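A.B. asks: Take a look at this one; I'll ask things after.
The values are calculated or read from the model by the stated rules, or taken from the named source; none is laboratory data. Everything numeric in this text was worked out from a predicted model, so none of it was measured. Neighbour counts run over all protein chains shown; Cβ positions are idealised from the backbone, glycine included.
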Amino acid sequence: MNIDRLVAGLDIGSAKTTAVIAEVVGDLPKHPTVNILGVGQARTTGLRKGVVADIEETQRSITKAMQDAERMAGAQVESVYAGIAGEHVQAMTSTGIASVTGSEITKADVERANAVARAQAIPQDRELIHAIPQEYTVDKNIGIRDPIGMIGTRLETEMYLVTIGSSPAMNLRKAVERAGYKVNELVLEPLASALSVLTDDEKELGVALVEMGAGTTDVAVFHEGKIRHLGTIGYGGLNVTSDLVHGLGVTQADAEKLKEQYGAAFEPLVPHHEKIRLPSTGAQGDREIPRSLLAHIIHQRTQEIFEMVLRDIEQAGLIKKLSAGVVVTGGAAAQPGTADLASEIFGTGARLGVPGEFLGGLSDSVQSPRFSTVTGLVQYGAHRVAIGTSAGKGKRISLSPSAGPSMDNLAARFKTWLQDFW
Ligand SMILES: Nc1ncnc2c1ncn2[C@@H]1O[C@H](COP(=O)(O)OP(=O)(O)OP(=O)(O)O)[C@@H](O)[C@H]1O
Ligand SMILES: [Mg+2]
């Protein structure tokens, strides 16, 4: 294990906190791959709709998830790439213009144009977390992806700027720091998930990533290889659970179990004659219901959430751009039938998004839709390490740390490339 190449991802969700520790391997800097070394999980109630509401409880879950991951990896880390999401996220496009200094466009010209686009006034209560170049215009030629080397006098860039609320960001950092870790960077959760579950072809053709977590459902739409829209719906798997609590008169814990054991998000999947026994109190007596009733409740709520997502994508004017359909992920997408329902509601193809590509090591441990975000976070971190903007800082447990080759000198020239992966 090369301790300079360790990265940690931390996904603090409304239902659970997940940590993954991985080693960056492969063909650096262009094609880093990650070997999963350790995974840790802890249930939490510290968040409300994706935003930290109880720092102490959040800190406790971080400590547990990180310690479990460290124990499994046999290594400790000092810093993490942490995910952030919620209704406070906003995105906007911004343009920047630069005049071309020489006869052809250089990397410096591109960086100047990008810097102008990035230099937007950000309100006091917001932070800029991602500035993603979309496309360039050289003189009158629009839609250029890589202008370096082209002849022109005027270079215009269009950037996608993502901002988050300062106070949710501050509270998240505080919880991580109190648990004893440094935050390398905050990364938008659906963008992290996109890294782990979407293919380049899907992003090129047009795809909507729909991540159904516990508290929120996050949306990221890609077209022509670029991020075009981000959205958040304030409903998720927890709302499905509460519908079961109210509809069937069971406790929250029992509703979760019923969902996992017998649930389906697409009612036609469940044969009508099947019956299930409901957990009951003495006064309720023995209760049996058709399994299709359970599926009906889950189907209704999931459909309602997908319809909100559909409206959001329609309002962004992108519904006709989803040639590669919809990829559903997040813990709630593990419910059988979720992709069938998504296909019906969006009127496109749909598949389940599960991390897997470009992963080595104990990759089996993250092959489930609830690990999309955390896996994407370590993949993001791996790219950072690969291009040398961050040396992974870890130490082996009970082994004397040996210094690996530093990657700082590796390719500062690839700096802009990192932004290309969204
Ligand atoms: N097998 C399963 N069947 C149905 N639902 C499931 C299953 N596994 C997990 N879920 C649901 O997925 C949700 C948790 O998803 P996830 O772990 O992605 O959420 P989170 O990241 O903690 O929350 P958020 O991203 O909204 O802050 C819970 O509502 C849970 O009931
Ligand atoms: Mg989540």
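A.B. asks: For Met92, work out the one condition from (1) assigned to a helix (DSSP H, G or I); (2) of a type in the set (A, V, I, L, M); (3) closer than 30 Å to Leu155 by Cα it doesn't fulfil.
C.D. replies: For Met92, the exception is condition (1).
A.B. asks: Can you confirm whether Arg60 is basic (Lys, Arg), under 21 Å from Pro168 (Cα atoms) and within 16 Å of ligand 2 (Cβ to nearest atom)? Before the answer, list the steps.
C.D. replies: Working: basic (Lys, Arg): yes; under 21 Å from Pro168 (Cα atoms): yes; within 16 Å of ligand 2 (Cβ to nearest atom): no.
No; evaluated as a whole, the condition is false for this residue.
A.B. asks: Could you tell me whether any residue of region 42-54 is more than 16 Å from ligand 1 (Cβ to nearest atom) and not assigned by TED's automatic domain parsing to the domain that holds Ile142?
C.D. replies: So in region 42-54, the residues more than 16 Å from ligand 1 (Cβ to nearest atom) come out as none.
Looking through region 42-54, none of the residues is more than 16 Å from ligand 1 (Cβ to nearest atom) and not assigned by TED's automatic domain parsing to the domain that holds Ile142.
A.B. asks: Could you tell me which of the residues Gly325, Gly337, Gly285 is under 19 Å from the mean Cα position of the chain (by Cα) and over 26 Å from Gly9 (Cβ atoms)? Even if it seems obvious, please write down each step before you answer.
C.D. replies: Working: Gly337 fails: under 19 Å from the mean Cα position of the chain (by Cα); Gly285 fails: under 19 Å from the mean Cα position of the chain (by Cα).
The conditions single out Gly325.
A.B. asks: Would you mind telling me which numbered condition in (1) more than 28 Å from Thr216 (Cα to Cα); (2) without any contact (Cβ under 8 Å) to a residue 12 or more places away in the chain Glu314 fails?
C.D. replies: Tallying (1) more than 28 Å from Thr216 (Cα to Cα); (2) without any contact (Cβ under 8 Å) to a residue 12 or more places away in the chain, Glu314 fails exactly one: (1).
A.B. asks: Report yes if some residue within region 284-295 is part of a helix (DSSP H, G or I) and within 16 Å of Ala339 (Cα to Cα); otherwise report no. Write out each step before concluding.
C.D. replies: Our first condition is that a residue be part of a helix (DSSP H, G or I); within region 284-295, this holds for 291-295.
Add one more test, that the residue is within 16 Å of Ala339 (Cα to Cα), and what stays is 295.
Yes, there is a match, as at least one residue in region 284-295 is part of a helix (DSSP H, G or I) and within 16 Å of Ala339 (Cα to Cα).
A.B. asks: Determine whether Glu87 is in contact (Cβ under 8 Å) with a residue 60 or more places away in the chain, within 16 Å of ligand 2 (Cβ to nearest atom) and surrounded by fewer than 20 Cβ atoms within 10 Å (Cβ to Cβ). Spell out the reasoning first.
C.D. replies: Numbers: in contact (Cβ under 8 Å) with a residue 60 or more places away in the chain: yes; within 16 Å of ligand 2 (Cβ to nearest atom): yes; surrounded by fewer than 20 Cβ atoms within 10 Å (Cβ to Cβ): yes.
Yes: the conditions hold for Glu87.
A.B. asks: When region 360-375 is examined, which residues are found to be part of a loop (DSSP other than H, G, I, E, B) and within 14 Å of Ala333 (Cβ to Cβ)?
C.D. replies: The answer is Gln367, Ser368.
A.B. asks: Just checking, how many residues over region 137-151 are touching a residue at least 24 places away in the same chain (Cβ under 8 Å), under 30 Å from the mean Cα position of the chain (by Cα) and under 15 Å from Ala108 (Cα atoms)?
C.D. replies: To start, the set of residues in region 137-151 that are touching a residue at least 24 places away in the same chain (Cβ under 8 Å) comprises 138, 145, 147-151.
Narrowing the set further to residues that are under 30 Å from the mean Cα position of the chain (by Cα) leaves 145, 147.
Subset that is under 15 Å from Ala108 (Cα atoms): 147.
The qualifying residues number 1.
A.B. asks: Please specify each residue of region 60-83 satisfying the condition of being under 13 Å from Thr17 (Cβ atoms) and buried (at least 22 other Cβ atoms within 10 Å of the Cβ). Don't jump to the end; show me each part of the working.
C.D. replies: Within region 60-83, the first condition is being under 13 Å from Thr17 (Cβ atoms), and the residues that meet it are 60-69, 80, 82-83.
Matches in region 60-83: Ser61, Ile62, Ala65, Met66, Ala69, Val80, Ala82, Gly83.
A.B. asks: In the list Val51, Val7, Val20, Val39, which residue meets the criterion of being modelled with pLDDT of 95 or more, within 14 Å of ligand 2 (Cβ to nearest atom), touching a helix residue (DSSP H, G or I) at 6+ places or on another chain (Cβ under 6 Å) and closer than 28 Å to Val219 by Cα?
C.D. replies: On the way: Val51 fails: modelled with pLDDT of 95 or more; Val7 fails: within 14 Å of ligand 2 (Cβ to nearest atom); Val39 fails: within 14 Å of ligand 2 (Cβ to nearest atom).
Of the residues listed, the single one that is modelled with pLDDT of 95 or more, within 14 Å of ligand 2 (Cβ to nearest atom), touching a helix residue (DSSP H, G or I) at 6+ places or on another chain (Cβ under 6 Å) and closer than 28 Å to Val219 by Cα is Val20.
A.B. asks: Tell me, please, whether a residue that is at pLDDT below 95 and surrounded by 24 or more Cβ atoms within 10 Å (Cβ to Cβ) can be found in region 29-36.
C.D. replies: yes
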